[in-house]
Structure formats: structure tokens, C-alpha cells
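Written below as C-alpha cells is the structure these notes are about.
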Amino acid sequence: MTLDPAIVPLLSDIAGLGNGAGTGRRPIAGSSTAERLQAIVELIAGTVLPRSYVIHAGEAAVGTLTVASGRLMKIALAASDASAKPDSDTREAQISYVAQALALVAGKAGDLLLETNYLADDLAAEDVGQTATELRDFFGATNWLADGPAGEDGDYLTAAAALAVAQVAFDAEGQPVQRTGDAKAAPGDGDIHALAAELSSWQSELEELAGLPALLVVRDGPSGRAMALTVGADPAVLSILEGNAVPQVKSLWDRSQGDGAPS
Amino acid sequence: MSLKDALVAGLETVPDCEAVCYVDMSSGLVLGSHGRSRKPQEFYDRMGAFATRVLTSAALSNLAETHGGGAEGCVVIFGARNTHVFVKSKTFNDHALCYMCATTAEPDALTIGVMENRETVANAF
């Protein structure tokens, strides 16, 4: 039996649908975090009937999204990435948490594969979830889905605040100019003043060694609390973070410095 | 494994690592170093001196201990030209490891690689 030549390209296309061929997985479009976020948000927007989407990076499942009626009802991350739910029940805190989790998934190294599972139509709507529009607006406001670099330090300040547990921006004299997030998690004015004095004494050495401006991060592993501090930027920004937000904050920093889309 | 071997291993363990050194912060002496390309001693002296300033900074360590990063955390500096990582030795509190990496190094892989090499260096003593 011979195949009609016209069908060969079609079969080839089907075979090339992704590394996950045969496992019911298909690739998520995009190589950058921003492109993948865009694809995931579009996936949410286009999902009417209840679905569970398991996202894999290589063989590992990195996140599970429960989606219905164009809304992200729930997101569960792999245990190694799971962070504490927001203390606050406000809409802003919830969407910030969800957006951070989505960005974490989208930022995983290697190809991302999507596995779709069908859920019963009577999925309990006990939570309103987040609409694709809300997510788009959030990422748009924090410049995550922009095509180009953020361009200004001010953009980093705003975008990092959305990911930080607490954040303080301060001037060269150590005077706080903006505080956001959980006040209890933020350093006091005395600590900020002492830090500013240290920073000013480091600047020339740091310029010579690594180049300014720079982003200084203190962390003891990929999870747990971490601290990110801009050096050589005005104002300086100190962000207290959950450790798993560090890669996203680094991407924001790169973009604010004109290095293109987050990797 | 000798300290030298452990530092050589650091070049492989830490992503995009170009040079590594081990410094005694109390005396300022660089006790061991290794690079992918030959670098003058002044390069390692300067890196060790700056690591000492950062890791002994009271303001930074107080903040890290209280708010995020921890007393034993590593300090990663993503600079405009390259990335540096400084971390205190696991064995001797006044010794430190310093790494210079390319700007392409990813934060998570970098942290994991440094912590792994820190363990290797600790086993060298």
C-alpha cells in the first residue's frame, strides 16, 4: 500500500506537534517568559468548559491550572515552588499571588508542554477566580507582556513592588521615598539609613568590579525569604521577596536596563 | 580533594563561572584561585576585598538576617558587565568563596551551583 504524497506533509505536521507527542501534551508557544505568559493568558481566555491544564517543563509537572468560563479558578504549583498564600484577601493581593505563580511557571527553563484534562461540567464555582482580562491588565500594568524593554528605573520600582512582600525605595541619604506591601515585613528607617551609607561607600568599587547599576540579591536557596537591592539606581529599591520570585525580579531588572524581554 | 581541586570543580558546578577564589577575610589573603583564563593576582585580590566588604557589612547582614536571605545566604550581584557571587565558607566563618560569572547565569541555577560548590570546598578541609 502506498500513501498519497499529499498526506505526507500532514502526517509530518502531526508528528511535529511537540516533544510530548503520544503523551497528549502539546507545546506552549514562546521562548521568553512574556511570550509564554501571553500564551497561557490566551489559553485561559479561550477556555469555556471546565479544564485542568497541567504544565510540564521537561518531564516535571510545574503547575496545574483549573480553568472555566474564561477564568483561572485555581493554580497549584509544584511543591518546590509553592509559596505561602497572601495574608490579605483583597482582590489585589490575590491577583498578585496568581500572577506571580503564572510567571514562575512561564519562566521555567526548557520547553513547556501542556496536558489537558477534562473536568465535569458542574465544576463548583465557589471562587470567582481571575478573568483573562484581569490577568492581562495586571501584567500590562507591570509591563510583563510588553514587547520591548521597560526602559526606566521607575518601571522596575512599580513592577517589583507587585512581586515583593514589602518594598522600600530610598534616596542617596537613606530617606525612604516610597513604601509598599506588608509594613511588618519591611525594614525600619534606621536600617535603611545604615544601608544607604554602606551603599555609597561601595559604589566605586562595585562599578570597577561588575559595572553599575547592579542588582544585589541575598538568598540562601531558591525558596525562602530573599532580599533584592538595586545599587547605583535613583532611588535605590530594597525588595523583600519570597525566594521563588527572584528569577522574575531579575527578569524585570534586566528589562528595565534595556536587555530585552525577560528570559 | 584539595582546595585547588574544589575550586576547579566550582568552574563546572557554577553556571557560566569564569573565575573563583577563596579568601581569608580577616587577613585579606586570597588562599586559592582558579579561572578559565589566566588572570592577574590583583584581579582576585580586588574580588576578595570587595567580598569582604559586602559579607562583613553590618547593615546588610542585619537586614538579611531579619528580613530575607539569612545569615548564611549568598550575595549575588548582577552587574552591568558580569555577575559576582559571594558566600561565607561553611567551615570557617571568616573565609569566603567568590565567583565571577557571565551575565547570562540564571539566579536559581547560580544559587544552587554555588551552594553545591560551597559544600565541596567544605569537604576539602
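Numerical summary
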item: Strands (runs of 3 or more DSSP E) lying entirely in segment A:1-111 (those with 2 or more residues that are modelled with pLDDT of 75 or more and under 29 Å from A:A166 (Cβ atoms)); result: A:60-68, A:71-77
item: Flag for A:G188 being touching a residue at least 12 places away in the same chain (Cβ under 8 Å), more than 21 Å from B:C74 (Cα to Cα) and out of contact with any Ser or Thr (no Cβ under 8 Å at 6 or more places or on another chain); result: no
item: Selected residue (only one of B:F50, B:F92 is surrounded by fewer than 22 Cβ atoms within 10 Å (Cβ to Cβ), touching a helix residue (DSSP H, G or I) at 6+ places or on another chain (Cβ under 6 Å) and of a type in the set (F, W, Y)); result: B:F50
item: Cβ-Cβ under 7 Å pairs, at least 6 apart or on other chains, segment A:228-248 side on the phi < 0 side of the Ramachandran plot and among the acidic types (D, E), far side assigned to a strand (DSSP E or B) and at pLDDT 95 or above; result: none
item: Count of segment A:171-207 residues which are at the interface with chain B (Cβ under 9 Å from one of its Cβ atoms) and not in a helix (DSSP H, G or I); result: 2
item: Residue count for segment A:27-59, restricted to those that are without any contact (Cβ under 8 Å) to a residue 40 or more places away in the chain and of a type in the set (D, E, K, R); result: 1
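Condition check ((1) hydroxyl-bearing (S, T, Y); (2) crowded, with 20+ Cβ neighbours inside 10 Å; (3) farther than 18 Å from A:A228 by Cβ) across all residues:
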| position | (1), (2), (3) |
| --- | --- |
| A:L163 | no, yes, no |
| A:V168 | no, yes, no |
| A:Q175 | no, no, yes |
| A:T180 | yes, no, no |
| A:A185 | no, no, no |
| A:E198 | no, no, no |
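Yes/no matrix, rows are residues, columns are (1) more than 19 Å from A:E208 (Cα to Cα); (2) away from chain A (no Cβ under 14 Å):
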site: B:L3; (1), (2): yes, yes
site: B:D24; (1), (2): yes, yes
site: B:F43; (1), (2): no, no
site: B:T56; (1), (2): yes, no
site: B:G69; (1), (2): yes, no
site: B:H95; (1), (2): yes, yes
site: B:Y99; (1), (2): no, no
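The values are calculated or read from the model by the stated rules, or taken from the named source; none is laboratory data. From a predicted model like this one, the values you see are computed outputs, not experimental measurements. Cβ atoms come from the backbone with ideal geometry, glycine included; neighbour counts cover every protein chain shown.
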